[in-house]
Structure formats: structure tokens, C-alpha cells
1. Between B:409, B:382, B:359, B:330, which is buried (at least 21 other Cβ atoms within 10 Å of the Cβ) and closer than 21 Å to residue B:191 by Cβ?
2. Go through the stretch A:27-75 and report how many residues are within 22 Å of residue A:209 (Cβ to Cβ), of a type in the set (Val, Ile, Thr) and away from every other protein chain (no Cβ under 14 Å).
3. What number goes with the only condition from (1) more than 22 Å from residue B:326 (Cα to Cα); (2) surrounded by fewer than 24 Cβ atoms within 10 Å (Cβ to Cβ) that residue B:415 does not pass?
4. Can you tell me which residue among B:65, B:87, B:95 is surrounded by fewer than 24 Cβ atoms within 10 Å (Cβ to Cβ), under 18 Å from residue B:417 (Cβ atoms), without any contact (Cβ under 8 Å) to a residue 40 or more places away in the chain and of a type outside the set (Val, Ile, Thr)?
5. With the condition kept exactly as written, say whether any residue in the stretch A:148-155 is assigned to a strand (DSSP E or B), within 14 Å of another protein chain (Cβ to nearest Cβ) and not hydrophobic (A, V, I, L, M, F, W, C).
6. Among the residues of the stretch B:51-69, what is the count of those that are more than 8 Å from chain A (Cβ to nearest Cβ), farther than 18 Å from residue A:86 by Cβ and not hydrophobic (A, V, I, L, M, F, W, C)?
7. Please pick out the residue among A:191, A:169 that is more than 14 Å from every other protein chain (Cβ to nearest Cβ) and more than 19 Å from residue A:39 (Cα to Cα).
8. Within the set of pairs 6 or more residues apart or between chains, which connect a residue that is among the β-branched types (Val, Ile, Thr) inside the stretch B:415-430 to a residue that is outside any helix (DSSP H, G or I) and buried (at least 21 other Cβ atoms within 10 Å of the Cβ) with Cβ atoms less than 7 Å apart?
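The values are calculated or read from the model by the stated rules, or taken from the named source; none is laboratory data. Since the model is a prediction, treat every value here as computed from it, not as a measurement. In this analysis, Cβ positions are derived from the backbone assuming ideal geometry, glycine residues included, and neighbour counts consider all displayed protein chains.
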Amino acid sequence: MLSSSRSSLLIAALMVALSLSGVLALDRLGRAARSFGVCGPLASQAVSKVRVAQSVEAYRLWRARHYRGRTVLFLGANWPKVQPDGFIEPPAAREYPLKLDNYVATLEAQFLDSTTFLFMATQTGVARRIIAVLPETGFRNMMEGTRKAKHVELHNGYLLVPYMGYPRFFATLKDLVDPGEPVLVYLAADFFQECSAQQLYTRLKEASVASDQVVLCDQAGEATVSEAARRELDRFAQLIGAGGR
Amino acid sequence: MASLESCENQREPYQPDPKFLSRLLLITGLALLLRVAWLWSQPVSPDDYMVGISAVNYLENGQLGPTMWNHPALRNILVYWSLQLCGAGVIGLKGWSLLFGTLTTPLLALVGRRIFRSDGPALLASFFWAIDALALDFSRQAINDIYLAFFPMLALYLAYRYLERANPCWLIGAGLSFGLGIASKWSVVFPLCATGLWLAWRLWRPVDTAPRPGALPRLALYGATLLLLPALVYLATFLPWFERGYGLSEWTQLQKSMYLETAHHTRYGKPITGDHNALVWFLRPVTFEDSFFIAPRGGGGTPESGGNEFVVFLAVTNPFIWLPTLPAVAYCLYRGARRKEEGPLFLAGLFICSYLPIALAARAIWLNTACAVAPFAFLAVAYLLWELCAAKARRRLLSGYCALTLLVALPLYPLLIGEGLKIPHMNELLLRYFKAVEGDEAPPAAGAGSTGNGRAVEQ
């Protein structure tokens, strides 16, 4: 029977130790779940650089290489907005035993495309957070569009708009800072509508962006993407030592 | 019951009812019967289905949602385990609700007899829980609101056991139970606070004997078991989420997102009126309605509804149980203060701590949240009734009251199990209800058992 003052204190101390260990263990477990390739500055030969025609190929590449728990650095003119609420509704016929499919696997099988690829990356666990670097106009539109969102924060030029708990940050190139860890870079050709390859390269270098996987996307078939923008993407590819189209 | 004697003040000798156990078993049997009857044929609501989907999503992908992502994750974990163990049938999906809803019945009696030092009101509260429409409704659904009644009651029982036995293992159990409650929904924090304050107050309350030694070490023990342990349990239920690569700082950001979503949850566009105003819950009968379309087994739906059947689960609060609540709580306060009785005061504190934050919330609160308050309300009502009928001559009055309560509960039962539309006169009442509550949104052909307006038709 533990009823004395000493045993009360002993149990309290044990609880404190258990709580601290539990907190640290969970934090460590989370960080250990992130999977990286060989990381380095963008121009490093060790960093994998891949040119794709469409954004969905970037997602397939990430999945094929088993990236998990990562930060995706999205650089594009347009944030690929999706409305996932209506993706899966309960079926009309619901009889026991219920058919309870894996939600994410169903989403991936039915709805993966060039618009949903980033959303899928968050759902399947490739990305645990997204930093989207948008041109000034795109960023302003995002600020305007999320004014009534339930959770919006603006710190040092970074707009945080989580969706169902997973963090999404929006920023412009001038406010980009070191992400704090190697990121999966996704660069869409339309990003070059308002900036040059050299400007982008310089800013990424200034922000100490490191990566293990850079994906350059031509956005083939998208009428809004100019040929000049794709040529700028070529120049950026040369700057970081990636192959051309 | 020597131990029970020791845990409370000795003002009146406690006289245990020799038939307490048999009566409690009988009431629990009734509770179980009402919870399982027709459960296997009860249509699966969209919420039930999405609870299953969310459980699989959380344990296999570490992702909260797709439904009710802003609530903590214990339900996902428990339901996933039961789905794995029992398959995707009734038990796999609703087994925990059924278990917790049923077990709350004896727990109410066990806690009640310790609060009141009397078996009569304890058994009466237990009886109310066994037959109440809201308690029945959420014991038969997969969503986790019934957990909010079970875990705090279990924790209170364990806290009382600690006081009786002076064994910290019981208090650790109470902390675990509160932690599991908070990991179901945050509203369990309120009874936890009330319990913590009550236990702390007991360390310094004036007593006839010499001052009790070791108050500070025991306060440290309370802090560790009732603050740290529940927090750790809560945190641990996020393990699948951490496995997605998240760290502690991101977890705190997630909690903020969950809080903001919960604080501003207006998804269905309902204003703070009618039954969504928690202030009226104990002033008039209120309802929790879940209506949906489902493809009937073997066909039978009408062409207007796309071949689907319209189903309504309607839990209507029993006025004989719910309406005396506020006077009953006031009586607990009066009685506790006047006679310096700790139990009724503590019960009033539990009710006020649990109800006030909900009642003062700045958004619509659905009646499902009342599962967190109802056990304390039922205990208070049972106590008031028992005290009013303390004289033997008035016991018949109490029996009559119970009979009336049961009589009212009978027609409410088909409504809550989704059979209301199949019963001729009840069908008309339901239609009137829809017109009154939903206005223009009332399903035009609800009386015929189906409409073309609903979620499932949109497939």
C-alpha cells in the first residue's frame, strides 16, 4: 500500500519522468519517420534533378522513391486548389459487413491528377507540410481568399493556412527563408512569369535551400504557360546542373 | 461497506441497501436490452460509416479525418481495433459505444451511492440513464459522444476508490480514465478540473481531528496523476499522426487548428437557436436529429427518392428526467451548503463545471454534447426526487413518477432507433417536427417514408 508522503512524492516524480520521456520519445519518433535521399545545395551533383512534363509525374516520382514526412517546396504561379470535401461520400447502400476501404488509397486511385498531386502528397504521407512560394499577385490572391478561413496566421511574410491540421505555408520569393531541413523542390514553369531563372537561383541560394530531389515541371499542354517561361525553366536547369528538356 | 463509510463525513450513518447489487444488475440488464434491441437491423447512418472510414484512415495513414478531424483521436484507435478484431459489423463499428453506454449505468449508481451515501438516489439515476433517449441513441451510434459520459464516471468511481483505500493505484486509474476521456473530446477537461479541485480542497478542509499530514506530497500526487497523466494519455493517442514525420512543435500547431475548427464549427449553417442553444436543454424538451437516405435492403424505396429510404433517428429528451435538473442542482447547492454535505456540493460543482462552458459557448452546440453533462444532471434529479419523497408515505409518489417517466420513454424509443416513420401516428408527428424545426427544408414526402432531398441521392 503506497500511502505515505514519500510514496506520493515517488509516484509524482515517476509520472514527471514518464511524461517527459513520453513527450521526447514521440518527438523523436516523428522526426525519425522522415525519409531523405542524398541531400545538398541545389547545384550539388549529389542532388537528384528530374524534368517532368506534368506535375502528376512529380508525385509519382516521390512515391516511387518512398519519400515520407517531408517538406515540399512548391514554386509555381498557381496554387493547385482542390475541394476534397466531396471526394468520397458514404455510399447509398450501407449494409453490414461494411466495406471500409482505405480512404487515401481510394483517393489516390480515383482522383490523382495534375491539380490534386500536392493534396495527394499530404494525404499519402509524402509531405507533412508544404511551403508554397507564389508570385506577388498569387500571394495577394491567397491572402484575400483565406481571409475568412478559421485558422490563418501571418508571420514574417509567411501565411499559414492549415487544412485539416496539416500545415500549408504561403510566401513570396523575397520572404523565403531557410526551411530548416532539406526539402522536396517542385518548380513549375509558370513560376517564371514574374521572375527570371537567375533571380530564383540567387534567392534559393540566399535562403540556404537544400534538397535531395528537385523536380522541374514543364506543365506540358497547359495553354497558360508560355514558351518563354519554359525557356527560363531550361536556364534554371542549367544553373543547378540539371538536364534540359 | 466499511470503506465507503470512511470516505465521507460521518454525519449520518450509511445504510447499504442489501438489494443494491441485484437491483443494479436488473437496471443494467434493462440498459443493455434497450441498447441492443433491433441494433443489428438499425440502418447505418453516414456518420456511422464515416467513423469506420476515419478509423482506418487514422491508423493506416496517420491522417485525422476525413470526418470530424478536429476531435481527438481515441475513437479512431478503439474503432480500428474493434474492426480488426470483430470485422466491420455492428460490434466492430459500435461495440465501444454499446459497451460504454451500458457500463455507464452501473457506474452512475456506484458513483451516486458514494456522493449521496445512499443507494436509493444512486439506483434512480442509474435507471434514468438506462431509459433516457439521448443516452440510448448515442449508445447505438458509432460516434463517440457516449465516451464523454463513461470515462468521467469511471474516473470519478476510481477517485472515490482512492479515497476509500488510500491506494494511489486507484488515482492513477482515474488519471488514465480522464486522459482517455479528453482523448475522446476536450469537454472532459471540465469534470477533471472539478475533481482535481475537490480532491485538493479535501486536503485543507477543516476536520474535527488533528490537521492531516502530508498535504503537499499528496497535492504533488494529484498533480501528477490528474494533470500529467491525462496529458500524456492524450498525447499518446496521436502516435499514428507523429509517425507521419511530425514533431512536437507541429503537434502544438495542430492543437491550435483543432481548437479553432471546434470553436468556429458552423458547418451545417445552423444558428444558435432552438435545440442548438445549450441554455434551453433543461428548460424544455429538446432533440437530436440525424436524418439521411439509405438504399433499403432488397429495394423498396420510392422512385422520387432515387430508390432510397428516408430514415430519422430522433432522440427527444424525457421531460421527467431533464426538466427538474436546474432546481435539482440548486437543491444540491442549498443542501450541501446548509448541512455541510460534501457530496451534493461536489455534484453541483461537477454539473456547473461541465455545463456552464457549453451553455455560454458562442456557437451552436448540438445535443450530443449533453452526453458529457447528463450523468451529473440525472444524479442531481434523482437526489432531489429521493429527498422530496424521503418519507415512506411518499415512496409511492416516487414509484408513480418512475412509472410516468417510463411511460414517456416508451414512445420515444421507436423514434430514437429510426423506426418512427414506420408507425402511423408517429409518422405525422415527425412530419410536424420537421416543419417546425427545419421550416422550408422539411422533407416534403417524409410522411411517405422517402424524399428526393438528401445526401445519399447526390451520389
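1. On the way: B:409 fails: closer than 21 Å to residue B:191 by Cβ; B:359 fails: buried (at least 21 other Cβ atoms within 10 Å of the Cβ); B:330 fails: buried (at least 21 other Cβ atoms within 10 Å of the Cβ).
After ruling out the rest, the residue left standing is B:382.
2. Residues in the stretch A:27-75 being within 22 Å of residue A:209 (Cβ to Cβ), of a type in the set (Val, Ile, Thr) and away from every other protein chain (no Cβ under 14 Å): 4 in total.
3. Only one criterion in (1) more than 22 Å from residue B:326 (Cα to Cα); (2) surrounded by fewer than 24 Cβ atoms within 10 Å (Cβ to Cβ) is unmet by residue B:415, namely (2).
4. Only one candidate passes the filter, namely B:95.
5. Within the stretch A:148-155, the first condition is being assigned to a strand (DSSP E or B), and the residues that meet it are A:153-155.
Cutting the leftovers down to within 14 Å of another protein chain (Cβ to nearest Cβ) gives us A:153, A:155.
Subsequent filtering for residues that are not hydrophobic (A, V, I, L, M, F, W, C) retains A:153, A:155.
Yes, there is a match, as at least one residue in the stretch A:148-155 is assigned to a strand (DSSP E or B), within 14 Å of another protein chain (Cβ to nearest Cβ) and not hydrophobic (A, V, I, L, M, F, W, C).
6. 1
7. Details: A:169 fails: more than 14 Å from every other protein chain (Cβ to nearest Cβ).
Result: A:191 is the single residue among A:191, A:169 that is more than 14 Å from every other protein chain (Cβ to nearest Cβ) and more than 19 Å from residue A:39 (Cα to Cα).
8. Cβ pairs passing all conditions: B:417/B:140.
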